Each structure stands twice: as structure tokens, then as C-alpha cells.
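These notes concern the structure reproduced below.
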Amino acid sequence: MERTFLMVKPDGVQRNLMGKIIARFEEKGFQLVGAKLMHISEDLAEQHYAEHKGKPFFTQLVDFITSGPVFAMVWQGEEVIAKSRIMMGKTDPLEALPGTIRGDFGVVKHKNIIHGSDGKESAQREISLFFDEEELVEYHKLLDNWVY
Ligand code: IDP
């Protein structure tokens, strides 16, 4: 089963959106296999967003993601990487459709509520950046027989 890294950003935590966001992925039929509330260090932020190093918004991005606690999660399910990106909506909330997390809750690009891995490689990289293997819980849900 595929896994992805999702993270409620500091704006989502401050705006009390953690529960709603978890509910969306649970109701979809995906399975939470790891989660923690944490404060990201500058070093971890720079590693996480390494692909954006050198871009004009990089400093703002690192400052923002370290500005308050985030809720880091690993979710599991069939095609969970691509499907969760659809549920998140486009990067810029202006373009994100209603019904998506960013479309429903976000207003500006640099405070867009949620992060989600954009491919298999980044999912693996981000999961191991944020979680130790023993923090991830393997279990079976009876409901899965009605999801798949
Ligand atoms: P994604 O989060 O949808 O995968 P990325 O292009 O990987 O989008 O960008 C990472 C994050 O950087 C975005 O979620 C957004 O918060 C921020 N960001 C992207 N482009 C801009 C920009 O032009 N100005 C300010 N922030 C940006």
C-alpha cells in the first residue's frame, strides 16, 4: 500500500483546522499510520524544502514553516499520493477549487494550510525526514474491506 507525508502547516494548526483535515482523509478511506505535533527546526525546514533553495520566497517559506507547531502525518492507501494532492487543491488557493482543502480554507499562496508529497520519491524522502520507522504503525482496519 502506498504512503504519503502530509502536514498541517502552522496556519492550519493556529486556525483549528487539524481535526477537519484529519476527518477528510479518514472519511475518504485512507489510513493514518503516524502523526505528531512538532516544532520544525530551521535545519529540518531547509532540508524539507531543499528543492526551493535559491528561490525568492525560500526565506519566507522557512520562516513561516518554523513559526509555530505543525501536525506531521503519514497516510496510507491506494494512490494516496496523487489522491491527497487532489484533495489538497492547487498550491495557490486562488486557483484551488471549492471542495479542496486549500480551496475551502486558504486565501494566499504562502499560507495554504497543508503540505503533501508530490510523488513517490518525495513521499519516501519526507516520511524518513520526519519519522523514524518505529513511529509508524502497521495495522488492519475491518472497514478497508468496504473501501477496497
Ligand atoms: P506545493 O506545496 O503545492 O507542493 P510547491 O511548489 O512545492 O507547492 O511550494 C511549496 C510551498 O511554497 C507552497 O505550498 C507555498 O506555501 C510556497 N510557495 C510556492 N510558491 C510560492 C510563491 O511564489 N510565493 C510564496 N510562497 C510560495
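The values are calculated or read from the model by the stated rules, or taken from the named source; none is laboratory data. All values derive from a computational prediction rather than experimental measurement. So basically every Cβ, Gly included, is an ideal-geometry build from the backbone, and we count neighbours across all protein chains shown. Please note that ligands, DNA and RNA were not included when accessible areas were found on the heavy atoms of the full protein model with its side chains. Shrake-Rupley method; radii C 1.70, N 1.55, O 1.52, S 1.80 Å.
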When region 104-113 is checked residue by residue, the ones that are open to solvent by 70 Å² or more (accessible area, probe 1.4 Å) and either at pLDDT below 95 or near the ligand (Cβ under 8 Å from one of its atoms) (or both) are Lys109, His110, Lys111
Note: among Ile81, Ile101, just one is within 16 Å of the ligand (Cβ to nearest atom), under 25 Å from Asn16 (Cβ atoms) and of a type in the set (A, V, I, L, M), namely Ile101
Within region 49-83, of all residues that are acidic (Asp, Glu) and closer than 22 Å to Thr4 by Cα, the one most open to solvent (accessible area, probe 1.4 Å) is Glu51
When Met1 is run through (1) over 15 Å from the mean Cα position of the chain (by Cα); (2) under 30 Å from His140 (Cβ atoms); (3) without any contact (Cβ under 8 Å) to a residue 24 or more places away in the chain, the failure sits at (3)
Thr91 meets each of (1) β-branched (Val, Ile, Thr); (2) under 21 Å from Lys55 (Cβ atoms); (3) part of a helix (DSSP H, G or I) with one exception, condition (3)
query = Looking at Ile86, is it near the ligand (Cβ under 10 Å from one of its atoms), closer than 21 Å to Thr4 by Cα and among the β-branched types (Val, Ile, Thr)?
reply = no
Exactly one of Lys141, Lys90, Lys36 is open to solvent by 40 Å² or more (accessible area, probe 1.4 Å), out of contact with any Leu (no Cβ under 7 Å at 6 or more places or on another chain) and under 15 Å from Lys9 (Cα atoms), and that one is Lys36
- Message: If I filter region 47-63 for residues that are of a type in the set (Val, Ile, Thr), touching a residue at least 40 places away in the same chain (Cβ under 8 Å) and in contact with an Asp or Glu (Cβ under 9 Å, 6 or more places away or on another chain), do I get at least one hit?
- Response: no
